[in-house]
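Read the structure below first, then the notes.
The values are calculated or read from the model by the stated rules, or taken from the named source; none is laboratory data. Given the structure is predicted, the values throughout are model-derived calculations rather than measurements. All Cβ positions, glycine included, derive from the backbone under ideal geometry; neighbour counts span all protein chains shown.
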């Protein structure tokens, strides 16, 4: 399924947003011990779990509005699988986690209140195996479970009268005028950084300890942490232009040495290459990197001669298929995907790409039939469901789209891709009231509550006089969104 990218945000602006998380620590820190006391599990004196969850929800709505989210269902499924595998082996989990991709070639990851963790697409391209990739996720999960972000927020409130609303205001200014935005943030945050340095030094140490333990318990190689971070530290040792991850997560020699020591204590594992990791990396190389299709084609063809593991060879073929698709050489792409599905019929990466290719080859009815059978087998899988809706829209089977997505959205109300597909189906089938309602939900998910209410009023105006229950339902939703707006303003100004 073709990716849906929500909004536009420069790397500079996104880095400013990290001020709201644990990323304020830009100082190297010495380390003498490998045992770090747990400091985050007690939470904070003033921020409740419920307020943390609410702030995280409103933050995520703002991210959807401003950030270049790579809302690619198959990549989203992979990231969530790895992330939740780590969460299952982590203590002090208080709420469900939400893992999402940011379309950005820089090497970075960040966490925020309420269990929201963002991963830059550029980071997986730097990782050489799944354990390295998972090590970064485990570190961010630990920041959340130990409530480091909540503690930083409390420290800000104790140190200065600044509110989250003021920080978000400076961030919003940066979207239009980066210089003014930076000035606003500098004035607001400069004094906070020095006062919180002792907290954030401990936070990084604890996130290393907790994260690496979770990494090992989840079955990954704990050596992934020192390999990944050690390689970055070595590469950028003598440069003044650092990747974002080294600015927000400084790596002095003592910390690298500590992660190596912890990995030895936990015991290294010799794991075979992960197929899904290799496939995700190939997909991001083709769809989200700035390389030209012709260059990528040469890369995949030359790299194949150096590969020997079947998973890496499959991923190389998958990268070739995506590249041929990008070059509009659909028949060649279809041949490769056909061979890959013969090896691994149920692989979601292959099914997703087959959908795109067959729609381009005008095999709409055929791919709808294939996806319908997969949907019967896996009715709750987001990749199958969203690809079926996408194909159904292409085949003008709008009632099918409506039936499967109305059920799916009951448990996935924050899925922008699903709402977008529903909106398209309603628009193309001339269901004006439903179209406005779907548009309202998309506005609400992007923190634009006023526009959402306007869309719901438009939906009401498109209903007939005898649709009393529909009007009542839409009016009730207006009241819910008004309450959300009031609650957002109350929470961020506390």
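Anything in segment 421-441 that is surrounded by fewer than 20 Cβ atoms within 10 Å (Cβ to Cβ) and within 26 Å of the chain's Cα centre (by Cα)? List them, or say none.
Matches in segment 421-441: 423, 424.
Please state which one of 259, 240, 186 is at pLDDT 55 or above and over 20 Å from residue 127 (Cβ atoms).
Values: 259 fails: over 20 Å from residue 127 (Cβ atoms); 186 fails: at pLDDT 55 or above.
Only one candidate qualifies: 240.
Is segment 476-487 home to any residue that is more than 27 Å from the chain's Cα centre (by Cα) and buried (at least 16 other Cβ atoms within 10 Å of the Cβ)?
yes
Of all residues in segment 396-408, count the ones that are buried (at least 18 other Cβ atoms within 10 Å of the Cβ) and either in the same structural domain as residue 98 (by TED's automatic domain parsing) or more than 21 Å from the chain's Cα centre (by Cα) (or both).
So the answer is 7.
Given the structure, is residue 114 more than 29 Å from residue 388 (Cβ to Cβ) and touching a residue at least 40 places away in the same chain (Cβ under 8 Å)?
yes
Residue 393: modelled with pLDDT of 95 or more and under 18 Å from residue 276 (Cα atoms), yes or no?
no
Can you confirm whether segment 409-420 contains a residue that is buried (at least 22 other Cβ atoms within 10 Å of the Cβ) and farther than 26 Å from residue 55 by Cβ?
No.
Checking residue 305 against (1) under 27 Å from the mean Cα position of the chain (by Cα); (2) more than 19 Å from residue 357 (Cα to Cα), only one condition comes out false. Which one?
Only one criterion is unmet by residue 305, namely (1).
Report the residue count in segment 276-298 for those that are within 20 Å of the chain's Cα centre (by Cα) and either surrounded by fewer than 20 Cβ atoms within 10 Å (Cβ to Cβ) or in a helix (DSSP H, G or I) (or both). Break it down into steps so the answer makes sense when it comes.
To start, the set of residues in segment 276-298 that are within 20 Å of the chain's Cα centre (by Cα) comprises 276-290.
From what is left, the residues that are either surrounded by fewer than 20 Cβ atoms within 10 Å (Cβ to Cβ) or in a helix (DSSP H, G or I) (or both) are 276-287, 289-290.
Count: 14.
Among the residues of segment 256-273, which ones are in contact with a helix residue (DSSP H, G or I) (Cβ under 6 Å, 6 or more places away or on another chain) and either part of a helix (DSSP H, G or I) or crowded, with 21+ Cβ neighbours inside 10 Å (or both)?
256, 259, 260, 262, 263, 266
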